[in-house]
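Written out below as structure tokens is the structure these notes cover.
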Amino acid sequence: MQQDFSLADCDVVGFDLDHTLCRYHLPQSARLIYDSFAHYLVTEKGYDEDLLTLAPDSLDFCCKGLVLEIEEGSFLKLAEDGTVLRASHGTKSLTSEEILETYGRREWKHFNTVSGMVSRSAKYYLYDNYFDLPGALLCARVVDSLDQHDGQKKYDFWKDMVAAIQHNYKITAFKEDCGMYFPEVKSHPDKYLQRCPESVKKWLKQLKSAGKILLLITSSHSDYCRLLCEYILGSDFEEYFDIMITNALKPGFFSHTPNQRPFRTLENDEEQEALLSLDKPGWYSQGNATQLYELLKKMTGKLDPKVVYFGDSMHSDIFPAHHYSNWETVFILEELLEDKVTLPAETESEPLEKKGKYEGDQLTAPYFVSKQWGSFFMDRLPGLENAEETLVRTWSCRCISTYSTIAIPSLEAIADLPLDYRFPRFSSNSSGTAGYYPSPPRELLPNEESVTMK
């Protein structure tokens, strides 16, 4: 495979919506998501009212890449070979000794399953995007609360957590003003949403003028998608895309067959009968990548059109698009901004990171780096006090270089580049840092030589 990647070589450019095209004000949206779920648990399921209050620094617990052992009430951060790097029971961190005693220096018991398909199951849940993360903090606090009152060995709060998520995000919630989440975003979009920068809007138009087919594929329902797109792109947002697919139910969109997940048309945001095939561009609901690809062949006149898909979730976007559809994937990773978080604006480097570009949330971002969980990319293996420390890559970091073509902090970071710009891509024979643009996370740089890739 060639060593570089260019948008100029792609026929089709697809985008996820939430946290990809639409960026959120993270501290505000995290708090809203937490409150939405907590309110349901307290009022509908009788959980402790203390869950409704949050200490200012408690969002520090949120960190992408954590795995919750559902019945044990424990959170794990995994190394690329599946050993446990850090762990907590509820919100309480385990010491190195406790980690070694509980998990040993060996592969976590479900690692084979989770790493094979970047999956979730009845036994564990993988937290990998900003919509999920506040739920991790809530689950951890539920465990703390249950321990205080009952001292349980096995936990069964998960069914209530799923009910809280469904109550707030179900397909009819937006229309019915149900739950806390949608009514609040509807009333105060400016508090939670960031408008799309002009550079990104211009870039989308440029892609279209260059003959690219533009897709929007989001698991959000059509009514919420419309609210977001009107706010971030303007009332003419539909003109940016050839095909819009809402309620896509990813990752199933990529893995399911046409029979399992047919496309449906929409009327007034209500899904209509299933379509036998996808014949023309337009706005659709649900669906599957197989029939979409057939339409893309017709639209491009090519037997094998090349598709690139931009997304922020390894579980829902990047892994399935790569694994099932063999698409190129661009991973949106706000953690790549972490180097900028503490820099005063005037010392920022100029070229593409225009001064002040991220000023808005630069210093208030709640979890680019969690003090409790450390770097998203690297960590030290837990050892006994006198043992020499070994730095290793995290499992999340390995997934990036395995399933993404390139990783970028935001669309804005590449919007000013010419369309034929050639990005070095991740590949097994490169250093594992080649695909990060504009530069690799600093944790991966100084230790480049001493870190062995598995």
key: 10 °C / 1.306 mPa s Stokes-Einstein diffusion coefficient of segment 26-188, Kirkwood radius on C-alpha pairs, µm²/s   = 96
key: Inter-centroid distance (Cα atoms) of segment 26-97 relative to segment 214-236, Å   = 30
remark   = Excluding ligands, DNA and RNA, the carbon-plus-sulfur percentage of the accessible area of segment 1-110 with a 1.4 Å probe reads 47
query = How much length is gained if the chain between ARG442 and GLU389 is pulled fully straight, taking 0.36 nm per residue apart and subtracting their Cα-Cα distance, in nm to one decimal?
reply = 17.2 nm
query = Applying 1/(1 + (r/R0)^6) with R0 = 41 Å to the Cβ-Cβ distance of GLU101 and HIS188, what FRET efficiency is obtained, to the nearest 0.05?
reply = 0.30
query = To the nearest whole percent, what portion of all C-alpha pairs in segment 201-309 is separated by more than 25 angstrom?
reply = 19
request  = Please tell me which of these pairs span more than 20 angstrom C-alpha to C-alpha: LYS45/LYS371; LYS208/LYS297; LYS212/LYS302?
outcome  = LYS45/LYS371
query = How large is the dipole of the chain about the Cα centre if only Lys and Arg carry +1 and Asp and Glu carry -1, each at its Cβ, rounded to the nearest 20 debye?
reply = 1060
request  = State to the nearest 20 debye the size of the charge dipole of segment 26-188 about its Cα centre, where the only charges are +1 on K and R beta carbons and -1 on D and E beta carbons.
outcome  = 500
remark   = When the charge dipole of the chain is computed with +1 at the Cβ of Lys and Arg and -1 at the Cβ of Asp and Glu, the Cα pointing farthest to the positive end, of THR43, LEU216, THR95, is that of LEU216
key: Spin-label pair ASP9/ASN259, simplified geometry with 7 Å Cα→Cβ offset, distance in nm   = 3.7
task = Could you do me a favour and compute the accessible area per residue for segment 122-269, 1.4 Å probe, result in Å²?
result = 43
remark   = Simple SL model, points at 7 angstrom along Cα→Cβ for LYS92 and GLN206; separation in nm is 5.4
query = Taking the Cα atoms of segment 16-89 alone, what are Rg (to one decimal) and Dmax (as a whole number) in Å?
reply = 15.1, 42
query = If the chain between ASP279 and HIS149 were fully stretched, how many nm would it gain, using 0.36 nm times the residue separation less the Cα-Cα distance?
reply = 41.0 nm
ask   = Share of segment 163-301's accessible area from carbon and sulfur, percent, 1.4 Å?
value = 48
note = Listed by chain and number, the residues whose amide H is under 5 Å from that of ILE213, excluding neighbours fewer than 5 places away on the same chain and using placed H, are VAL12, VAL13
request  = Name the long-range amide H neighbours of LEU94: under 5 Å, sequence gap of 5 or more, or other chain; modelled H, no Pro or chain starts.
outcome  = ALA87, SER88, HIS89
request  = Starting from the Cα of SER121, step 7 Å along the direction of its Cβ; do the same at GLU49; then give the gap between the two resulting points in nm.
outcome  = 4.1
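So how much slack lies between SER58 and LEU249, counting 0.36 nm per residue of separation and subtracting their Cα-Cα distance, in nm? Don't skip to the end; give the middle numbers.
On the way: separation 191, 0.36 × 191 = 68.76 nm, distance 3.06 nm.
Contour length minus Cα-Cα distance gives 65.7 nm.
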inquiry  = I'd like the accessible area for SER277, computed on protein heavy atoms only with a 1.4 Å probe and all protein chains in place. Round to 10 Å², please.
reply    = 50
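The values are calculated or read from the model by the stated rules, or taken from the named source; none is laboratory data. Just so we're clear, the structure is a prediction, and the values are computed from it rather than from any experiment. Quick reminder, even Gly has a Cβ in these numbers, built from the backbone with ideal geometry, and neighbours come from all protein chains shown. Side chains included, ligands, DNA and RNA excluded: accessible areas come from the protein's heavy atoms. Shrake-Rupley method; radii C 1.70, N 1.55, O 1.52, S 1.80 Å.
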